[in-house]
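Asks: This is the structure I want to talk about, given as structure tokens.
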Amino acid sequence: MMTASTDIQYLKGVGEKRAVVLKSKGIDTVGALLRFYPRAYLDWTDRVKIAEAPFYHECCIRAKIITPIEESKKKAGMVIYRFIIEDDTDRAEIVIFNQRFLAQRLREGREYLFYGKITGSFIMRQISSPLIMETGFSGIQPIYPASQSLSSKATETLVRNAISASGLPETLPDEIRERNGLCDIKYAIENIHFPKTPEALERAKNRLVFEELFILQAGLSFLKKHSRGKAGCGIQNSFFEEFQQTLPFSLTAAQKRVARECFEDMSSGRPMNRLIQGDVGSGKTAVAAALMFAAAKNGFQSALMAPTEILAEQHFKTLCAITENSGITCKLLTGSLTKKQKTIIKTELSEGEIDVIVGTHALLSDDVNFKDLGLVITDEQHRFGVAQRSRLSSKGENPHTLVMSATPIPRTLGLIIYGDLDISVIDEYPKGRQLIDTYCVDSSYRQRIYNYIKKFLNEGRQAYIVCPLVEENEMMDITPATEYYQRLCEGEFKNYSVGLLHGKMPAKEKDRVMRSFSEGEIQLLVATTVIEVGIDVPNAVVMVIENAERFGLSQLHQLRGRIGRGKYKSSCVLISDSKARDTKKRLEIIKKSCDGFKIADADLELRGPGDFLGSRQHGLPDMKIADLFANRDVLRLAGNEVNRLIADDPRLQNPQNAGLRAEISALYKKLNSN
Ligand code: ADP
Ligand code: MG
């Protein structure tokens, strides 16, 4: 008997070899194949007239061939077939490359269905390499993500076999389905793959979107359950004065307020579970430092995790300066330490000799243990998975947790990612901060910009130039950072010290460059977006961004946040030759606004949520079918149902919920392996 959990190898049509291919795509069971949804559909039922066929869209047209099939040979081995089709509105030209068999089957004077992308002009529309069917054909055809080793057609056959061999267990209790008007799992799976009508496809989609969002939220709510309830250690705020004395500046009112909110949590007898949102440059690190300082003074260890080595090192330096004369031991743990260095630190941690540890993902490793971990802080938390955050916390006994983020998140999404987190906002910049001037120019200004940069370098300041991509790319007119760097070193800036930083460099090399930039040895840093997160070099006052149209607004804002961090007036220059109207509009927004929340909203509106909500940004697993933004209403409905369900059956022991339980534990595994 074949079930959803049967190994994919045993499905009809799958041999050992194909099983390897499928498994490499994450399809290891029959059930997983059933959940491998088409990426698109060819709807042969939805036909348009030639005169109305929209350009650059895929369309299905029913038309008659009215000329002979003309054959011409191009280069060796390349044959092109051309002919004209006509319906009662207009004519169009069809071009077919090399498909001799197809071309010979077609007859002048007969009608066919043509499916393809419309190009050409109003004078004569054209379709290159369309799919062609007899007029009797009708239906909606699934298109699967295809690769060299597995075509869409082959996947289709396997899915048919899987559907006739097995079904999936129902995951949504009857009651929930009825209340929300959702079809059952069998209907959904059949119609997501082979819909009989567009309406059936719609019903199937609705149900699967709901299901996916339901399971996601149920999974997250179980994950969060772990960290609730029991008492955390008490950390009192009695060392705040002493802490402030260690700083070269006085805290802003917003920083003080947020720190106070955290201290209230940490002395309440319950574990703190808080998010600090604050725009770039608002001074989140100082708040984190205040809490870690107090934790150490109260006799507890604390850990600060950052997403990159550069950032971890920077935090480490800040904390060292603060803790120097306070009898607090502060150490750094990253992947690039030697094994021996790591072992020493791990021993010191487990014996409680280290009070404050700063690190990267290396902190999550199984052999990192604490004696008395009281406080866990993650910086730029959107770079980490939800599960990673809880993994670090699980190294202590309900430690207080704080996450810090500069990325404003749409509210609905914030709710599911952060759920029951309390939120504090730093809504004020440190005093004396001057507004950054932002200019948008085209590349004819480049020479003037270089002169402008030199002026600042001569005064002892530093500057960044950001280029979008590292690799050569013939398709796009973009200057790769490496080449750009070489050109500047040998030419325009040969009398200055120029550095290069990009993501493909080995971590050690990156650190070396970053260090010498922050120590002022490198005057001009040519970089990719690796510098987007957290870097703090107050002496850098100019940020030039090439091909600015290639970046999202929030990303531009983050990049711009690298300057204007000290007492010097700073300026940001966006270079773009794009004439597109929406580019102009987007760059105008950046020019006018310095408010990260406003910019994020505008970005969302102009660009759609795709990039913004990519899994990279929030650490949730990729959605198969749901869109966290477009389906936000469903998200809310499903969330309500999750709460209801958990109130009724908190451990999902009801046999009705067995299918759901299995899906949730699968999701759990995925969240934890992220
Ligand atoms: P972010 O919130 O982006 O992480 P940082 O914590 O890196 O910001 O702080 C940005 C810069 O502002 C740092 O150079 C930091 O030393 C400085 N800073 C932080 N708080 C204050 C303050 N109250 N007064 C003056 N400078 C401050
Ligand atoms: Mg920061």
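The values are calculated or read from the model by the stated rules, or taken from the named source; none is laboratory data. From a predicted model like this one, the values you see are computed outputs, not experimental measurements. So basically every Cβ, Gly included, is an ideal-geometry build from the backbone, and we count neighbours across all protein chains shown. Only protein heavy atoms, including side chains, enter the accessible area calculation; ligands, DNA and RNA are left aside. Shrake-Rupley method; radii C 1.70, N 1.55, O 1.52, S 1.80 Å.
Asks: Is there a residue in segment 263-274 that is within 34 Å of the chain's Cα centre (by Cα), open to solvent by 40 Å² or more (accessible area, probe 1.4 Å) and within 16 Å of ligand 1 (Cβ to nearest atom)?
Replies: no
Asks: Which of the residues that make up segment 436-449 are open to solvent by 20 Å² or more (accessible area, probe 1.4 Å) and either without any contact (Cβ under 8 Å) to a residue 60 or more places away in the chain or under 20 Å from ARG586 (Cβ atoms) (or both)?
Replies: ILE436, ASP437, TYR439, CYS440, VAL441, ASP442, SER443, SER444, TYR445, GLN447, ARG448
Asks: A follow-up question, please. On the basis of being among the polar types (S, T, N, Q), in contact with a Phe, Trp or Tyr (Cβ under 9 Å, 6 or more places away or on another chain), open to solvent by 10 Å² or more (accessible area, probe 1.4 Å) and not in a strand (DSSP E or B), does SER516 make the cut?
Replies: Numbers: among the polar types (S, T, N, Q): yes; in contact with a Phe, Trp or Tyr (Cβ under 9 Å, 6 or more places away or on another chain): no; open to solvent by 10 Å² or more (accessible area, probe 1.4 Å): yes; not in a strand (DSSP E or B): yes.
So SER516 does not fit the description; no.
Asks: Considering only residues that are open to solvent by 10 Å² or more (accessible area, probe 1.4 Å) and touching a residue at least 40 places away in the same chain (Cβ under 8 Å), which ones fall in segment 536-545?
Replies: ASP536, ASN539
Asks: Which of the helices (runs of 4 or more DSSP H) found entirely inside segment 591-663 contain at least 2 residues meeting this: at pLDDT 85 or above and farther than 20 Å from GLU549 by Cβ? Even if it seems obvious, please write down each step before you answer.
Replies: Values: elements: 596-607, 615-618, 632-648.
Of the helices (runs of 4 or more DSSP H) lying wholly inside segment 591-663, those with at least 2 residues that are at pLDDT 85 or above and farther than 20 Å from GLU549 by Cβ span 632-648.
Asks: Just one of the numbered conditions (1) more than 14 Å from SER518 (Cβ to Cβ); (2) open to solvent by 20 Å² or more (accessible area, probe 1.4 Å); (3) more than 31 Å from the chain's Cα centre (by Cα) is not true of THR323; which one?
Replies: With respect to (1) more than 14 Å from SER518 (Cβ to Cβ); (2) open to solvent by 20 Å² or more (accessible area, probe 1.4 Å); (3) more than 31 Å from the chain's Cα centre (by Cα), THR323 is out only on (2).
Asks: What's the number of the condition LEU220 fails, among (1) surrounded by fewer than 19 Cβ atoms within 10 Å (Cβ to Cβ); (2) at pLDDT below 90?
Replies: It is condition (1) that LEU220 fails.
Asks: Restricting to segment 159-217, and then to whatever is assigned to a loop (DSSP other than H, G, I, E, B) and open to solvent by 40 Å² or more (accessible area, probe 1.4 Å), can you tell me which residue is modelled with the lowest pLDDT?
Replies: Top of the filtered list is GLY167.
Asks: Check segment 428-444 and report whether any residue there is assigned to a loop (DSSP other than H, G, I, E, B), within 16 Å of ligand 2 (Cβ to nearest atom), of a type in the set (Asp, Glu) and modelled with pLDDT under 95.
Replies: Checking segment 428-444: at least one residue is assigned to a loop (DSSP other than H, G, I, E, B), within 16 Å of ligand 2 (Cβ to nearest atom), of a type in the set (Asp, Glu) and modelled with pLDDT under 95.
Asks: Next question, about the same structure. Looking only at segment 349-382, which residues are in contact with a Ser or Thr (Cβ under 8 Å, 6 or more places away or on another chain) and part of a helix (DSSP H, G or I)?
Replies: Matches in segment 349-382: ALA362, GLN381, HIS382.
Asks: Got at least one residue in segment 92-107 being of a type outside the set (A, V, I, L, M, F, W, C), surrounded by 14 or more Cβ atoms within 10 Å (Cβ to Cβ) and in contact (Cβ under 8 Å) with a residue 40 or more places away in the chain?
Replies: The answer is no; no qualifying residue exists.
Asks: Out of the strands (runs of 3 or more DSSP E) lying entirely within segment 250-347, which hold 1 or more residues that are within 16 Å of ligand 2 (Cβ to nearest atom)?
Replies: 273-278, 301-305
Asks: State which residue is nearest to ligand 2 (Cβ to nearest atom) when the search covers only segment 489-513 and only residues that are in a loop (DSSP other than H, G, I, E, B) and in contact (Cβ under 8 Å) with a residue 12 or more places away in the chain.
Replies: GLY503
Asks: For PRO307, all conditions in the list (1) surrounded by 24 or more Cβ atoms within 10 Å (Cβ to Cβ); (2) modelled with pLDDT under 90 hold save one; what is the number of the exception?
Replies: With respect to (1) surrounded by 24 or more Cβ atoms within 10 Å (Cβ to Cβ); (2) modelled with pLDDT under 90, PRO307 is out only on (1).
Asks: Read through the list (1) modelled with pLDDT of 90 or more; (2) closer than 18 Å to ASN451 by Cβ; (3) surrounded by 14 or more Cβ atoms within 10 Å (Cβ to Cβ), then give the number of the only condition that TYR484 fails.
Replies: Against the list (1) modelled with pLDDT of 90 or more; (2) closer than 18 Å to ASN451 by Cβ; (3) surrounded by 14 or more Cβ atoms within 10 Å (Cβ to Cβ), TYR484 comes up short only on (1).
Asks: If LEU291 satisfies all but one of (1) modelled with pLDDT under 95; (2) under 26 Å from ARG433 (Cα atoms), what's the number of the condition it fails?
Replies: LEU291 satisfies all of (1) modelled with pLDDT under 95; (2) under 26 Å from ARG433 (Cα atoms) except (1).
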